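Working notes for the structure below.
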Amino acid sequence: PREDTLWATLTARQHLEHAFSLYRPEVPAGAKRGVAIDELLDATGLTSAQHTRAGNALFKGLSGGQKRRLALAIVLVKEPKVLILDEPTSGLDSAAASAIMKFLRDLAQSKGLCIIATIHQPSAAVYSHFSKTLILAKGRTAYYGPAELMTEHFDSLGHHAHESTNPAEFANPAEFVLDLVNKDFTDKAAVYRILDKYDEAREAAPASTGYELTPLRQAKPTASPMAQALILTKRQLQFVVRDPMLYTGRMVMIVVATVFFSLVYLQTRNRIQSQALQRFFYTNFILGVSCNLAISVVFAGNLDFLSIKREVKDGQYSPVSQFIAGQLIAVPAMAFLGLSALIPLYLIGDMPWSSFGLALLSIAANLWAFEGMGQLFSLMPNVLLGMMNFMSMWFASFLFSGLFVRIPDVIWPFRLFCYILPLGYTSQTFMWSIMKEVPDYNGAELCDDDLRGLTDPHTNQSSHPCGINRSKEFYCPDESPIRCFGVTGDQILDSVGVNYAAFSSEDLYARNIGIVLGVGAAFRLVYLVWMISKCRTSEEPKKLTPELIAAAKPEKAPPAEPLDVSIEAASLAPPVQPPAGRWEFSFRHCSYVLDVSKNGKKSMLPFKNTTAKPLISDVTASVSSGELLAILGPSGAGKTVLLNMLTLEAGSGTPFGHMTLNGQQLTWPMYRKYSAYVPREDTLWATLTARQHLEHAFSLYRPEVPAGAKRGVAIDELLDATGLTSAQHTRAGNALFKGLSGGQKRRLALAIVLVKEPKVLILDEPTSGLDSAAASAIMKFLRDLAQSKGLCIIATIHQPSAAVYSHFSKTLILAKGRTAYYGPAELMTEHFDSLGHHAHESTNPAEFANPAEFV
């Protein structure tokens, strides 16, 4: 899939080791399996990163391109017959993209695989590896057939690539065709005509393929269920050690919370009447906070399920095996979490150590129950909803635990929470186990017959509290009856139970532990059933019926409208005019150094022995008004690090060098005033439409443009220039609800910063996620914008196609953090010619058409 579904804490090599253990257990662990893994790592270009963890939002690891290649390597372990990939080249540089597609083509031919892939922006080199192409537009087929015959088909429709004014489109037919069928940048009526022509010309598929097909055989057996559970348990142990979110972080937080409450309730160490009830609140808060931290299970489990679902769907293991492995780790983990709460509680709170064993079992059972609750809510489609549901259930459990509201006073149906949630049973059992062993409390005296027999000589009635209430077993000489709880732990439990019915001296320990474990088991049972259901969710195509055929009837072309042939409508960018002033942004001798420890990892301790590791070294370049500087390079070359330097982004290392704007040292106020940055990440407001984003941008950046017709015209021009007119009333969207596509979000982010009218515009991969036509159109728009407005534009680019490359003014090629070339884009080939690297000698003609691919 396109999404990252790797395990963040495992290295690339460990991913493949586990894949072999589950997919191909017949390959023995050791030298033979190691050779097979080495071959896969080498084929996917991951040898140098084999010991790097995948990483996630909490810690860095493999780059996006490396993750994509690792996901491919994992499925290749399975040796599938049909391999389906969603944008395998997205996020890769040109060389890596071409290498991966060549690898896939060779794999298909050598292993007899059927490979299907969706591709954004196929360069000429990437396109040369296709056997067939299927071109889609508006959900319909524009072309299907051999890749080498696609140009002939569109020639027959009157669309001739050799007549294009852009020679890059003749070198790469994919760019030409995708430009024809892109509804955002092409006349819709023309797109419909292409679709209708294909429907008219399409012939019925042949009944026979013309060659003998291999009969289906029984699949090779994977690891047995027991072996799967053992392998996954071993992997789960690695997660526990490496990922602090699972248990280590929770243990630390539980210790901190317990110490905090122990200091707040420090006076409960004194076994006096005024502190008896406080001890109940003290322990209840510790029980509540410790199980509340299971909310991290919701977040971590939601992320993990993406990987679990993919691996189950790919046949690595059954969901039951994964469930068993998780429970085998969870049981001892709950004991360690319980110890992290009890040890500071008993040390600081002066609890009786003779009760430690029963208290540990009680709190561990409670944590296990809430762990199951967290696992259940982790399966919700959105992690935020899952976390909110968990918090609601936890709060209800805490509120109805018996210490804040009397259970008989709770109305139905809310009283149901008192009986089905575990914290109330745990609180009762936990306090019973402690108070049964606690030494006698001071401030109270036991009643005896002599005290009950004391009478007032004047009234001849009992004058002592023990005589007034003969059922009472104790009295407090210096305390009011309401603050008198008793001498022994049993007496205190019964006294507190008068107002809080959840507590009593009755031994309900076994019953309560059984109920808590039953609640936890119920959560896990529902979790298991739901997980199996979600892992097996699939939908096979229905058999065609007349009703379905009618429902799937393609949308017809809209009635032709007169074309607007005005200059404003025909041009994607404002007409090019000489800029009023000259601007220059330069960065000279820029380096970025990271302090690393001896093992090559970033050092977290300032006093630890470290060595300086340069991520970029002595990079110098400049861009002037009207120029577009493209920063290119393979994955890990240092493009993102350099971009962070240019945008004054604070990082974990130390930047060096000189950055100037018109000769003045770049400062943060100058950057805010004259520069704008379009990041790769989605930073839009989910509930605002594209048009509303631009309206707010005008209100904040350019309030001098009056609201109304004039501002509306300016917004319309931006929407049209960035191909967003048809989506202007669509919300941006997020994980909770759908909205703009990834490419549309990228274009909207660009439109927003253009409202600011910056002098320096910096973009991080503005073409990633766009198809070839959109990528070329956006780069043409940026180049024309630079020339018409006198902007200095800097952009990092992955996989620049020939059409995209033709819009560059200058190129800066980075490799291993150093400059391989900097200068005019059109002179780059000459530079490498002078070094003995001749593009025209390449065996791939696409590399001669597009110098970026060759370099």
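Residues whose amide H comes within less than 5 Å of that of Leu632, counting only those at least five positions distant or on another chain, are Leu812, Ile813, Leu814 (H built at 1.01 Å from N in the peptide plane). With q set to 0.12, 0.20 Å⁻¹, the log10 of I(q)/I(0) for the stretch 366-439, from the Debye formula over equal scatterers at the Cα positions, is -0.40, -0.88.
Highest mean packing comes first when the peptides 303-314, 369-380, 100-111 are listed by Cβ atoms within 10 Å, giving 369-380, 303-314, 100-111.
On a per residue basis, the stretch 745-784 carries 18 Å² of accessible surface, using protein heavy atoms and a 1.4 Å probe. Taking the protein heavy atoms of the stretch 613-706 in the context of the full set of protein chains, the accessible area attributed to carbon and sulfur is 55 percent at 1.4 Å.
Rounded, prolate or oblate: which fits the stretch 670-717 when a ≥ b ≥ c are the square roots of the eigenvalues of the alpha-carbon gyration tensor, with rounded for a/c under 1.5 and prolate only if a/b beats b/c? Oblate is the answer for the stretch 670-717, as a/c is 1.5 or above yet b/c matches or exceeds a/b.
Under 25 °C and 0.890 mPa s, how fast does the stretch 1-117 diffuse according to Stokes-Einstein, given a Kirkwood radius computed over C-alpha pairs? Answer in µm²/s, whole number. Translational diffusion coefficient: 169 µm²/s.
Along the stretch 313-325 the Karplus relation, 6.51 cos²θ - 1.76 cosθ + 1.60 evaluated at θ = phi - 60°, assigns HN-Hα couplings of 5, 7, x, 5, 7, 8, x, 5, 5, 5, 4, 4, 4 Hz to successive residues, with x for each Gly and Pro. By the Stokes-Einstein formula, at 1.002 mPa s and 20 °C, the stretch 83-130 with its Kirkwood radius over alpha-carbon pairs has D equal to 200 µm²/s. For the pair the stretch 135-162 and the stretch 33-108, the centres of their Cα atoms are 31 angstrom apart. Remark on Ile616: its backbone amide H falls under 5 Å from those of Tyr592, a criterion applied only to residues 5 or more positions apart or on other chains, H modelled at 1.01 Å from N.
For the stretch 66-76, 3J(HN,Hα) computed residue by residue from phi via the Karplus equation (6.51, -1.76, 1.60; θ = phi - 60°) reads 5, 4, 4, 5, 5, 4, 5, 4, 4, 6, 5 Hz, glycine and proline entered as x.
With the largest listed first and rounded to whole Å, the semi-axes of the equivalent ellipsoid of the stretch 310-424 from the Cα gyration tensor are 30, 24, 11. Our estimate of slack between Asp449 and His831, defined as 0.36 nm per intervening residue step minus the Cα-Cα distance, is 126.5 nm. Evaluate 2.2 N^0.38 Å with N set to the residue count of the stretch 690-772, then give the Cα radius of gyration divided by it. Here the Cα radius of gyration is 1.10 times the empirical estimate.
Based on the alpha-carbon gyration tensor of the stretch 751-819 and its eigenvalue square roots a ≥ b ≥ c, which shape applies: rounded if a/c is under 1.5, prolate if not and a/b is larger than b/c, or oblate? Oblate, since a/c reaches 1.5 and b/c is not below a/b. Placing R0 at 51 angstrom, the Cβ-Cβ distance between Val320 and Ser48 gives a FRET efficiency of 0.85 after rounding to 0.05. Per residue, the stretch 658-710 exposes 63 Å² of accessible surface when a 1.4 Å probe is rolled over the protein heavy atoms with every protein chain present. Summary of packing: across the peptides 673-680, 527-534, the per-residue average of other C-beta atoms within 10 Å ranks them, highest first, as 673-680, 527-534.
Listed peptides 351-363, 65-77 appear in the order 65-77, 351-363 once ranked by packing, highest mean of other Cβ atoms within 10 Å at the front.
Rounded to the nearest whole Hz, the Karplus-based 3J(HN,Hα) values (6.51 cos²θ - 1.76 cosθ + 1.60, θ = phi - 60°) of the stretch 276-282 follow the sequence 5, 5, 4, 5, 5, 5, 4, with x at glycine and proline.
In the context of the full set of protein chains, residues of the stretch 78-164 present 48 Å² of accessible surface per residue (probe radius 1.4 Å, heavy atoms only). Between the amide H of Ile115 and those of Leu83, distances stay under 5 Å, these residues lying 5 or more places away or on another chain, with hydrogens modeled in the peptide plane.
With all protein chains in place and ligands, DNA and RNA left out, the 1.4 Å accessible area ranks Tyr265, Tyr144 as Tyr144, Tyr265, largest first.
With 25 Å as the limit on Cα-Cα distance, the pairs of Lys138/Lys197; Lys67/Lys810; Lys138/Lys313; Lys534/Lys745 that go past it are Lys67/Lys810; Lys138/Lys313; Lys534/Lys745.
The values are calculated or read from the model by the stated rules, or taken from the named source; none is laboratory data. This is a predicted model, so every value here is computed, not measured. Glycine also receives a Cβ, built like all others from the backbone with ideal geometry; neighbour counts cover every protein chain displayed. Side chains are part of the model used for accessible areas, which takes the heavy atoms of the whole protein and leaves out ligands, DNA and RNA. Shrake-Rupley method; radii C 1.70, N 1.55, O 1.52, S 1.80 Å.
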